[in-house]
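Below is one structure, written out as structure tokens, with a few remarks after it.
The values are calculated or read from the model by the stated rules, or taken from the named source; none is laboratory data. Given the structure is predicted, the values throughout are model-derived calculations rather than measurements. Ideal geometry is used to build each Cβ from the backbone, glycine not excepted, and the neighbour counts take in all protein chains shown. In case anyone asks, the SASA skips ligands and DNA or RNA and just uses the protein heavy atoms, side chains included. Shrake-Rupley method; radii C 1.70, N 1.55, O 1.52, S 1.80 Å.
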Amino acid sequence: MRIVMSALLAGSLAGVLVFVGHTWKVTPLIANAEVYEAVKPKSHSHTHASSDKPGVVASERQREHSHNEGNEWGPADGFERNAFTLLSDVITAIGFAFLLGGVMVLSGRELGWKRGMVWGLCGYAALYLAPAFGLSPELPGMAAAELTARQAWWLSTAVLTASGLAGLFFLSRLIWKVLAVALLVAPHLVGAPHPPVNPGTLPAELAAQFAVVTLVITAIFWLSLGALSGYFLDRFKETG
């Protein structure tokens with residue numbers, strides 16, 4: 001019950017916090033990228049005629065999708081999109097809070113918001129920073145390798161990084177620490193899957209800004225999630 005209550009509270013608060021960051025910085029970048037995604041060459045002449053006018057392309061995006069991709073559902077811009085983003089952020093944060101809180105309790109170490117921030121940094125390193133060295137955050141319209149290959153590399157990198165960090169922090173013998181470092185390096189020696197390099201319509205400045213923004217917002221998320229998890233786990237231990 002202690003882990004459940006801590007995960008629900010910490011995940012909900014951290015999810016709302018990251019939602020604010022997404023709404024403020026990330027969502028506008030995604031909306032801009034969707035405009036350039038619609039500029040891709042189509043079989044309809046009106047797309048080519050307006051390709052140098054992003055405002056026109058944006059207004060025609062829904063019509064082009066209905067012609068070329070069928071009736072695919074997606075949340076409408078505005079309240080509906082923000083509501084689904086909030087729901088997704090909170091559910092994801094609660095899931096990560098369960099994972100982080102369970103590991104924190106199983107470690108048997110002292111808890112608190114300061115130590116929780118250290119745990120949060122480890123989660124950030126394992127689940128975002130290390131995979132981002134090989135697979136940068138992607139905007140709509142960016143070229144990407146086959147999805148299954150990217151998912152497999154991301155998962156193996158996250159597991160190996162988490163295992164390597166655990167070895168560095170919890171094991172004392174030198175041989176195990178050397179093995180832990182090898183686990184940290186291994187996925188990057190293998191390399192992440194990447195598509196052939198082809199010219200695209202998405203500006204490099206937009207992709208770079210997206211990478212920096214997600215780097216910072218995700219760091220804030222993991223620091224807050226770790227601090228909140230450590231705080232609530234410590235408080236519920238005292239009250240229990």
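The table for this structure:
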item	result
Matching residues in segment 170-215 - criterion: being open to solvent by 80 Å² or more (accessible area, probe 1.4 Å), in a helix (DSSP H, G or I) and without any contact (Cβ under 8 Å) to a residue 40 or more places away in the chain	Leu174, Ile175, Trp176, Val178, Leu179, Leu189, Val190, Glu205, Val212
Test: Thr92 is under 21 Å from Met1 (Cα atoms), polar (S, T, N, Q) and either modelled with pLDDT under 90 or assigned to a helix (DSSP H, G or I) (or both)	yes
Hits in segment 121-154 - residues which are open to solvent by 70 Å² or more (accessible area, probe 1.4 Å), over 17 Å from Leu100 (Cα atoms), part of a helix (DSSP H, G or I) and touching a helix residue (DSSP H, G or I) at 6+ places or on another chain (Cβ under 9 Å)	Phe133, Trp154
Among (1) more than 22 Å from the chain's Cα centre (by Cα); (2) over 26 Å from Trp24 (Cα atoms), the one test that Gly230 misses	(1)
Helices (runs of 4 or more DSSP H) within segment 1-67 that include 2 or more residues at pLDDT 50 or above	2-21, 27-37
Condition check for Gly74: open to solvent by less than 60 Å² (accessible area, probe 1.4 Å), within 30 Å of Arg235 (Cβ to Cβ) and at pLDDT 50 or above	no
